Amino acid sequence: MIAKELFKGTIRTIVLQLLAEYNKMYGYELMQTIEKKSDGKIKLTFGSLYPILHKLESEGLIYSESETIGKRVRKYYILTEDGVKEKENKVLEIKEFISTLNQLLDDDGLIHA
Amino acid sequence: MHKLNNSQIDIISKNINEQNLKSFAFSNELLDHVCCRIEQFMENGSSFEDALNQSSHLYQRKEIRKIKKNFTIILNFSAFINSFIIYVSLLFYLGSWIFRWGQADWIGLVAFILISVLLFRYSLLFNSEINLKFKKTIVILSSIGFVLFLIGYLNRFLWLNFAFSGQHVMPVMLFSWLIISITGLIYLKALFHKKINGLLLWISTMQVILACLSLTTFIFPVTMRYIPLYSIIIIGINVASFLLLYFLKSKGKSFLRLIIVCSSFMVFIYTPHKLLSPDTSCKIQFEATPNEKVPNSNP
């Protein structure tokens, strides 16, 4: 498991990236996909993922479509055009950050990948 | 994938509702989330009852409290900061009145600077909003409002403490109130298009009307005699609006709250300086200090 503090600031970008990849997803599906893709190293909870989805929606980066399944309502999230742009910028930013981090930690001999 | 039937969903829904989630705006998503979880357990061979038990921690009261807190922090952090600044500035302003009876002292200056910072912060927030209609207009107007508000009070501070010219202090400040209140109205229009909450619209429109009313005292000097009445009306409406906003759950209310605080600040520094003279015309009465630094003049 990766410490929550380490990936906290990246969840937004991860969500945007997954929505770009899968077109439309609902909350539980996103959580499961993140867990699966990270080999169980990143586990999100309802309380940590859904507020981010709502925040992204209020910022106009994603929008939602509701679907009734039996007696329950499922909300699918989809990227907007602004969301696509934001995703591209943020992914680049994070990649740059990771490479800087690697550089810094490598120099100290802390990473031996 | 195993799919829950309607009676199973009813049981889950009943269990969740028993946790008293009336004020939880995300109960629909929570229901779907719990259902998915249970379906996953059942897919792996658990019975419905076992799966329900294993998922019950997701909607326990304690868990919901944690989730609600998380929602508040992530979704309303900015609003929380804004409210914090408003209340701190109100405290400073109150302090200024209690200790110095509204004189342009340093405590009062801090209150006005805090409110100016918040106005500036809103200009930046409006600018960073994506898909905000009339964005340019809103950003320009809120920036002008911020500059006028800050200049107005700094001018007042220098006027009363360092004998600078203070002829335009109040017109500048009241004009900034008008600009800020118009910004509030446009912002609501941009946020909600045609479906503006009636109460928000009323509060916002009242601010524009009250700002105009205050400005009439400069355009039509005869209305100066009504200043005490105006002040009572403004303060009354402001207090009522502030309380109504407290109970209202809607986007845009924190900016309205800021407008109300701005206008209240102005009324409290404007009114004491204007007292009715015996001949019912109005003259400016500066701070009740024995050695007045500034001569008597109309703004």
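A few notes on this one:
- For segment B:77-284, projected area of the alpha-carbon convex hull averaged over all directions, nm²: 11.6 nm²
- Among A:41, B:195, A:71, a tally of other beta-carbon atoms within 10 Å of each Cβ gives an order, fewest to most, of B:195, A:41, A:71.
- Residue A:74 long-range amide H proximity, modeled H, under 5 Å: A:67, A:68, A:69
- Gyration tensor verdict on segment B:231-271 (Cα atoms; rounded if a/c is under 1.5, prolate if a/b is larger than b/c, oblate otherwise): oblate
- When B:247, B:71, B:126, A:97 are arranged by Cβ crowding within 10 Å, least crowded first, meaning fewest neighbours, the order is B:247, A:97, B:71, B:126.
- Taken over the protein assembly as shown, the alpha-carbon convex hull comes to 194 cubic angstrom per residue.
- Here the label points at residue A:29 and residue B:140, each 7 Å from Cα along the C-beta direction, are separated by 4.4 nm in the simple model.
- Computed from the Cβ-Cβ distance with R0 of 45 Å, the FRET efficiency linking residue A:96 to residue A:69 stands at 0.65.
- In this structure the amide hydrogen of residue A:26, modeled in the peptide plane, comes within under 5 Å of the amide hydrogens of A:77, none closer than 5 places in sequence on its chain.
- With all pairs of different C-alpha atoms in the average, the Kirkwood value for the hydrodynamic radius of segment A:4-107 is 14.6 Å.
- When B:212, B:262, B:36 are arranged by Cβ crowding within 10 Å, least crowded first, meaning fewest neighbours, the order is B:212, B:36, B:262.
Any read-out appearing in this document is the output of simple, stated calculations on the displayed coordinates, not a laboratory observation. On a predicted model such as this, the values are computed, not experimentally measured, just so you know. Cβ: placed from backbone, ideal geometry, glycine included. Neighbour counts: every protein chain shown.
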